[in-house]
1. What span do the alpha-carbon atoms of region A:104-283 cover on each of the three principal axes, reported in whole Å from largest to smallest?
2. Calculated FRET efficiency, residue A:311 and residue B:6, Cβ-Cβ r, R0 22 Å, to nearest 0.05?
3. As an exercise, use a Förster radius of 25 Å and the Cβ-Cβ distance of residue B:53 and residue B:117 to find the FRET efficiency, rounded to the nearest 0.05.
4. In nm, to one decimal, how far is the residue A:203 label point from the residue A:124 one, both placed 7 Å along Cα→Cβ?
5. Just to be sure I understand: with springs between alpha-carbon atoms less than 10 Å apart, which residue in A:216, A:132, A:242 has the highest mean-square fluctuation in the Gaussian network model of chain A?
6. What is the order of A:55, B:29, fewest Cβ neighbours within 10 Å to most?
7. Provide a whole-number value for the mean count of partner chain Cβ atoms within 10 Å of the Cβ atoms in peptide A:351-364.
8. Between residue A:259 and residue A:212, what is the label-point separation in nm under the 7 Å Cα-to-beta-carbon projection?
């Protein structure tokens, strides 16, 4: 482990030698091999190739995380790849099954719409009071069933808290990607009061969903319908809904992340993200800023893509509840004051062990959850190159 | 005390790694358990409500579901009733059905379904029957949702 002096202006890292990095990455290699293969290596050459590429991709990134001591750039590489290939895979499936991205009335009537975690906050009150789920999906079985997504959400909340938004969400990689395109932000000042907006959206969608027994965020606001599935425009009402969600996608997922270098959709709008912030309170992993080491350079405040690190929170020694544990502040901190932390343990304890424990949980979640989708997305791209069609 | 908190913290952190594995390895099991333990079902606003009657016409049948007025607490003023004709392969070109969903022995509405043109004509015989909300062909047959309003 090496530590460089802050006055040298270099990041304090937890670099490991290649040999030690390999040994520390070995458990991840074995676990991802077991989980991604399901105990069976594909026999078909193309599937084997895609499996090998995905497996090596993840394990190389994890090795580099350990070797370089940097988290965010390797996390973002996997996370953004996941989001992009999720879209490739999902849209291909839609075209294969329905011939278009539009959601037919038939699928709604038959309750065969894939369930997504963003619906969860809206389902809770109706589920508690009526014992029903206000979504046209399947409770169990089939693709993306409701119980399956709830199980994954519970697992993610217990193991990562709001880390889900940087390590699990298949949409988050989109605004993460756009927020990285420009080197410097064109819009620097964001009024911190905007960070209350996701709570307002959460309250509004939860109450309207309960009142109308309809997932109002999905119907009216969800920007990600633009890149997944949406209702065919058959009425003026659906046309208005389409204009709203496409506009929100352009504004919150593309334009604002580009201009501000912040994940605006995730940190300033997403109601699920706001709710997920509550799970940070019960999660064992968090980020701490050691006031004894902090030089108050404010790099973390400027770099945090989710506006979770403020001057007050630095003084308090921890980011806000909205922290998505992406590791940006930890990576940019020149004095090593910001670090991943395990609750109950002293802040100044062995940081490398705490970081490793978090990375094992978070990266394993990302690799397992996205592995199948990335393989499918890659297969579709290979099919497109070789046959001219993804379907 | 500090040492105990330290050990508990690290043990909990290791348990999180195990929780990640359990989430995926046991997903089918946990999903089934979650569904059965909570007993949740799909809202009748989407599923169409429970089947209350099935009328056998020989080659095909008419399935009548319960009227749905369910609200978060109590009932709403407006709702619907879902009628289905199945199987799709045995349906005649034109179906004419009289539906009594109130169970009073009187027809509440008549419905004429043209399975070739995909058109439905509703003739209300009860003031609570408003209009055709949805008429759609699914893989098992045809489904119609008829808009209803509670009449006191």
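Values in this text are rule-based calculations from the coordinates and carry no lab data. Only a predicted model underlies this, so the values are computations on that prediction, with no experimental measurement involved. Glycine also receives a Cβ, built like all others from the backbone with ideal geometry; neighbour counts cover every protein chain displayed.
1. For region A:104-283, the Cα spread along each principal axis is 48, 43, 28 Å.
2. FRET efficiency, residue A:311 to residue B:6: 0.15.
3. Details: r = 27 Å, r/R0 = 1.08.
Step by step, r from the Cβ atoms, then E = 0.40.
4. The answer from the label model is 1.5 nm.
5. A:132
6. B:29, A:55
7. Per residue, the number of nearby Cβ atoms from other chains is 3 on average.
8. Inter-label distance under the simple model: 2.8 nm.
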